[in-house]
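Note sheet for the following structure.
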C-alpha cells in the first residue's frame, strides 16, 4: 500500500468513526451502526468500533449480532472481564444458560474481585434452583463488597426460602445500616420477621418504612394485616382505611378490611367489599376460601357463590 493510499484509508476510517460516534450520541442507532461497519471493514481490529457495535445491537435487541461483535472484542482483549460478563448476560437472556455460566466464570478468572460477575452467576444459579451454588456466589459478592445491596437481598431471600430466618434478618439489618433512608429496606426486614411469626418486630419496621414513605398503600396494608394477626383490630382497621384513602381500589387492602368487617359482624359490608375484590382480582376467591377470618361467612350462599370460581390463570 502506497503512502498516499495509507493516509487516505486513515482519513476515511477517522471520518467513519466521527460520523458513527455523532450518530450514536444523537441516538440515530441504525446510522451509527452503518458507519461503524464501514470502519471495521477498513480495520476489523478497531476495538472501539467492535465494542460500540456490540452495545448498539444489544440496545436494539439483536442479541446474535451483539454477541458477534462482543466476541470480537474479547478476541482482541481476552482479559476484558466486563465484556465477558456482558456476553454472559446476553447468552442468559436468549436461554443459553450453560454458555452464560461459562462466560461469568471466565470473567471471574480474569478478575476475581469483579463482584458483578459473581452476582450474575448467583442469579443464574438461583434461577436454576442450585441454591448452595447461589449462596456461595452471593457470599463471595459480599466478601468483595459488603455494600452490594442487590446481592444482600437475594442472599436473604435464599435464606428465607430455606427457613434460615436469623441469617436473612441479619442481612436485612445490615442493609439498613448501610442505607437507612430507603423505605423498602425496612419493608423487606418486616417481611422477614413476618415469615418467622415475629409480628411485633415486623410492625416496628413497617412503621419505620411509613415514616419514609407515608403515602404507601402497600405499607399501610401490610401493617394493617400484621396488626390484625396480633388481634389489634382497631389499629388494623385504621391502617387499612388509610391504605384505601391513598388507593381506593387497592385490592389487598380491601380484602383485609373485609376480614376486619367480618370480625365486627358487619357481614353485609364485608360481603360487598369481598365481592368487589374478587371481581377485580379473582385470585382472592381461592384465598378467601382458606381464610379463617371469613368463618362467619361460610354459611352464606353469596360467599359460596363468589368464591366458587376458577382463577383465570389456572
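Just so you know, all these numbers are worked out from the coordinates, no wet-lab data involved. Keep in mind that what you see is a predicted model, and the values were worked out from it rather than measured. Cβ coordinates were reconstructed from backbone atoms using ideal geometry, including for glycine residues, and neighbour counts include every protein chain displayed.
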Placing each pseudo-label 7 Å from Cα in the direction of the beta carbon, residue 82 and residue 18 end up separated by a distance in nanometres of 2.6 nm
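If you rank 74, 182 by fewest surrounding Cβ atoms within 10 Å, what's the result? Each step should come with its number before you reach the end.
Values: 74 20, 182 16.
If I rank by nearby Cβ atoms, fewest first, I get 182, 74.
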For the chain, the percent of all C-alpha pairs falling in each 10 Å bin, from 0 up to the bin holding the max distance, is 6, 18, 19, 19, 17, 12, 6, 2, 1, 0
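What percent do you get for the relative contact order of the chain when only Cα pairs under 8 Å and 6+ apart count? Don't skip to the end; give the middle numbers.
Numbers: 377 pairs, mean separation 18.7, N = 314.
That works out to 6 percent.
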0 to 90° range, to nearest 10: angle between helix 183-195 axis and the chain longest Cα axis = 60 degrees
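Please work out how much length the chain gains when fully extended from residue 59 to residue 248, using 0.36 nm per residue of separation minus the C-alpha to C-alpha distance, in nm with one decimal. Please list the in-between numbers first.
Working: separation 189, 0.36 × 189 = 68.04 nm, distance 3.88 nm.
Net length gain for the segment: 64.2 nm.
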Mean separation of Cα contacts under 8 Å (at least 6 apart) over the residue count of the stretch 8-63, i.e. the relative contact order in percent, is 29 percent
May I ask for the angle, rounded to the nearest 10°, between helix 149-161 and the longest principal axis of the chain, with both axes built from Cα atoms and the value confined to 0 to 90°?
-> 50 degrees
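Among 17, 266, rank each residue by its count of other Cβ atoms within 10 Å, from fewest to most, as a rough exposure measure.
Details: 17 20, 266 14.
By the 10 Å Cβ count, ascending, the order reads 266, 17.
Send over the Kirkwood Rh of the stretch 74-124, from the inverse of the averaged 1/r over different Cα pairs, rounded to one decimal Å. Before the final figure, lay out the partial values.
Details: mean 1/r = 0.0967 Å⁻¹.
Computed over Cα pairs of the stretch 74-124, the Kirkwood hydrodynamic radius comes out at 10.3 Å.
Please work out the FRET efficiency for the pair residue 272 and residue 231, using the Cβ-Cβ distance as r and a Förster radius of 25 Å; give the result to the nearest 0.05.
On the way: r = 25 Å, r/R0 = 0.99.
Plugging the Cβ-Cβ distance into 1/(1 + (r/R0)^6) gives 0.50.
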Sorted by mean Cβ packing within 10 Å, highest first, what order do the peptides 156-162, 115-121 take?
-> 115-121, 156-162
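Say R0 is 30 Å: what FRET efficiency, to the nearest 0.05, do residue 177 and residue 215 get from their beta-carbon distance? Spell out each step's value before the answer.
On the way: r = 26 Å, r/R0 = 0.86.
Efficiency for this residue pair is about 0.70.
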Mean-position separation - Cα centroids, the stretch 243-284 and the stretch 62-87, in angstrom | 53 Å
At R0 = 25 Å the Cβ-Cβ FRET efficiency linking residue 150 and residue 241, nearest 0.05, sits at 0.10
Relative contact order (%) - the stretch 38-78, alpha-carbon pairs under 8 angstrom, separation at least six = 35 percent
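Between residue 26 and residue 290, what length in nm is gained on full extension when 0.36 nm per residue of separation is reduced by their alpha carbon distance? Please report the intermediate quantities before stating the final value.
Details: separation 264, 0.36 × 264 = 95.04 nm, distance 5.66 nm.
This chain segment gains 89.4 nm when fully extended.
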